[in-house]
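Take a look at the structure set out below.
Each value in this text was obtained by applying a stated rule to the coordinates, not by laboratory testing. Quantities reported herein were computed from a predicted structural model and do not represent experimental measurements. For neighbour counting, all protein chains shown are included, and Cβ atoms are generated from backbone atoms with ideal geometry for every residue, glycine included.
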Amino acid sequence: MKAIAQAPSKVIISGEHFVVHGAWALAAAIGKKVTIEAEASDRLSVASDLSSGSPPSVLRPVSKVVEYMGRRFSFAPDLRFSITSEVPGGAGLGSSASTMVAVAAAVSRLRALELGTKDLVECAMVGEREIHGHPSGVDVAACAYGGVLRYRPGSDPKPVRFEGKRRMIVVFSGSSRSTKRLIGHVADVRERLPAYFSALVGSAGDVASIAEERLEEGDMEGLGRVLTYNHAVLSAVGVSTPRLDRLVDLLLSLGCYGAKLTGAGGGGSVLAVASEGREKRIISEVMKRGFEAFVSVIPVDGVKSWLRP
């Protein structure tokens, strides 16, 4: 018997980095998925289709998640895992969070633990901390719960609901980054400029609320303006790069309403919004320049798991 679990990846619409320091953030699950297959074995082992995006750095944290669950729920962690990912590693789209959530869900299904989403998040965070040091938890929450969430550490995620679908453009810059290093860089800014940084944290939650309102209302032009403003603030605290700035500029010049880096920065991906009639042409133009790009339609479901003979 095998357990199969699939978890979506994510984008941060507003509030990355500041969420680590207590601000509200707005995040959405997107359709690129990580799939885990788990089955009984004579030892704990993890195999990954690295060509499809799962970086080697997630393999040991997977073992940490399984070992933690074994101790907590009193079973021997002698399981074999296979990882297949549609999510580019280092792209700022939550590849590791998606993997850890899917691993926890597969173990829960295989061992008949019947864990709820909150418990799956707790288990997945064991692996995320191994990779990123002190993550906020927003990535794991988005990948586990799905949909669109307002999130702040220490609070239950708040679902954001709206009628219909919303379309977003995601462009991978081609440069990967270390989330752990960038979290540390922002912490250094906080130490050097404490009052300035505190003011930014305070305003980040307000900006996330404005983004939430625009998204709920379907005001993509207004949302675009918030995205671009977000990018300027993230650039000011040093987590953008010239390549990301140029990519944002390119997307704006092609007719996007707005664009911003998404995730830790330092590379990774840019999130943009445009009118539905322009999206195909915009993606074609950025792909001609060598970037990987796609449209993500939100909301999408969170983690799912099932058994297969």
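Remarks
- Of the cross-linked pairs Lys280/Lys304; Lys33/Lys158; Lys64/Lys165; Lys158/Lys304; Lys10/Lys304; Lys2/Lys158, those separated by over 27 Å at the C-alpha level are Lys280/Lys304; Lys64/Lys165; Lys2/Lys158.
- Folded to 0 to 90 degrees: helix 194-217 orientation relative to the chain principal axis, Cα: 90
- By the compact-protein rule of thumb, 2.2 N^0.38 Å, the alpha-carbon radius of gyration of the range 104-221 corresponds to a ratio of 1.27.
- Ratio Rg/Rh, restricted to the range 1-159 and using Cα atoms, in which Rh is the Kirkwood radius: 0.95
- Reported to the nearest whole Å, the Cα centre-to-centre distance from the range 132-170 to the range 1-51 is 12.
- Highest-MSF residue in the chain out of Asp245, Asp139, Asp42 [GNM, Cα springs under 10 Å]: Asp42
- On the principal axes of its alpha carbon atoms, the range 166-298 extends 45, 33, 23 Å, with the longest extent given first.
- Tilt relative to the chain, helix 179-192 - C-alpha long axis, 0 to 90 degrees, to 10: 50
- Here the label points at Asp78 and Asp156, each 7 Å from Cα along the C-beta direction, are separated by 4.0 nm in the simple model.
- Extending 7 Å from the Cα toward the beta-carbon at both Leu307 and Ala47 defines two label points whose distance is 2.3 nm.
- Distance distribution note for the chain: the fraction of Cα pairs above 25 angstrom is 46%.
- With a Förster radius of 41 Å applied to the C-beta separation of Ala232 and Lys118, the computed FRET efficiency comes to 0.70.
- Here the spin labels are modelled as points 7 Å beyond Cα on the Cα-Cβ line, and at Met1 and Arg278 they lie 5.3 nm apart.
- Calculated FRET value between Ser198 and Arg167, using beta carbons and R₀ = 45 Å, to 0.05: 0.80
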